[in-house]
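The next block holds one structure in the form of structure tokens; read it before the comments.
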Amino acid sequence: MTIPSDTGPTRDEVQAHRGASAIAPENTIAAFRAAAEQGARWVELDVALLADDTLVVIHDDSVDRTTSGMGSLGALSHADIAKLDAGAWFDTKYAGERLPTLAEVIKALGEFGLSANVEIKQHKHHKSLDQLVRAVQADINKRGPNTQIMISSFDPEALKAMHALEPDLEMAMLWGRPPEDWAEKLKAIPATTIHMHYKALSIGMLEETSKSGIKVRAWTCNNPIELVSFWGAGLTGVITDNPKLFLG
Ligand code: G3P
Ligand code: CA
């Protein structure tokens, strides 16, 4: 069922934040599978480099919170993270889940029929932005024909560098609350999309973004009632831990 777009999002307007992270361990294959099982078409995920330049799907700059191990990503190799359990911290039924590489996730997205919003995290241990975006480019270009990719980041330089490599991809600037000069800042990247905190949404701003042809998605909202008044006013998407709530 598709919810009419004046009262709620269409299926393509819902992105599962770190996968269906309300019901499965975030940024794992299990979370992406759960999102697909809930009927999502899109997932959001976070990427960062390890010490050996492997690109992995993880939110934090260390493995402490979401795995059985400890340590900064900048001090760990692929061989190190392959030994870690990334599921038991969330629920013992997910014991054995791994911290995945982006390449592994891209393959799984094809199997699950999912598209992805790849958020490029900029961490202190990253040596070079060029190396980071080239690693992202290499992995996303292994995607299957039914997987769409878009890029988001809190770092405009990461979006600029990615756009230079992949000009056809949608670029979304992440802000908690967009600055007054959001239009100029988007143009400088260039980016077509704002991802902003849902508590900072306003009808006035959505009228402006709509007029300018700019898409706006709201993160991270787990209560559909909070967004009801914004769908008819120019909101074009939601990023949620629990896509089922928005998918009817
Ligand atoms: O995409 C929006 C959201 O993921 C940004 O915040 O900290 O969950 O990556 P965070
Ligand atoms: Ca994110």
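Computed from the coordinates by the stated procedures, all read-outs in this text should not be read as laboratory data. Because the structure is a prediction, the values reported are computed rather than measured. Neighbour counts are summed over all protein chains in view; Cβ atoms, including those assigned to glycine, are modelled from backbone coordinates with ideal geometry.
Listing for the model above:
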read-out: Cβ-based exposure ranking for Thr209, Thr192, Thr101, Thr240, in which fewest neighbours within 10 Å come first; value: Thr192, Thr101, Thr209, Thr240
read-out: Length added when fully stretched, Glu111-Met70, from 0.36 nm per residue minus Cα-Cα; value: 11.7 nm
read-out: Candidate aspartates and glutamates - alpha carbon under 19 Å from Lys127, same-chain residues fewer than 8 apart omitted; value: Asp46, Asp52, Asp53, Asp60, Asp61, Glu119, Asp139, Asp155, Glu157
read-out: Residue order, fewest to most surrounding Cβ atoms within 10 angstrom, among Trp175, Trp182; value: Trp175, Trp182
read-out: DSSP bridge orientation in the chain - percent antiparallel, rounded to nearest 5; value: 15 percent
read-out: Lys83/Ser212 FRET efficiency (R0 51 Å; Cβ-Cβ; nearest 0.05); value: 0.55
read-out: Debye log10 I(q)/I(0) at q = 0.12, 0.13, 0.23 Å⁻¹ for the stretch 1-121, Cα point scatterers; value: -0.42, -0.49, -1.30
read-out: Full-stretch length increase - Asn223, Glu37 - with 0.36 nm per residue and alpha-carbon distance subtracted; value: 65.0 nm
read-out: Distant-in-sequence amide H partners of Glu44 (H built 1.01 Å from N, under 5 Å); value: Ala16, His17, Arg18, Gly19, Asn117
read-out: For the chain: span of alpha carbons on each principal axis (Å, largest first); value: 49, 38, 33
read-out: Spin-label model distance (nm) - Lys199 vs Thr92, 7 Å beyond Cα toward Cβ; value: 3.6 nm
read-out: Relative contact order (%) - criterion: Cα under 8 Å, at least six apart; region: the chain; value: 22 percent
read-out: Estimated FRET transfer efficiency (Lys127, Asp168; beta-carbon r; R0 30 Å; 0.05); value: 0.65
read-out: Neighbour-count order for Phe154, Phe112, Phe246, fewest beta carbons within 10 angstrom listed first; value: Phe154, Phe112, Phe246
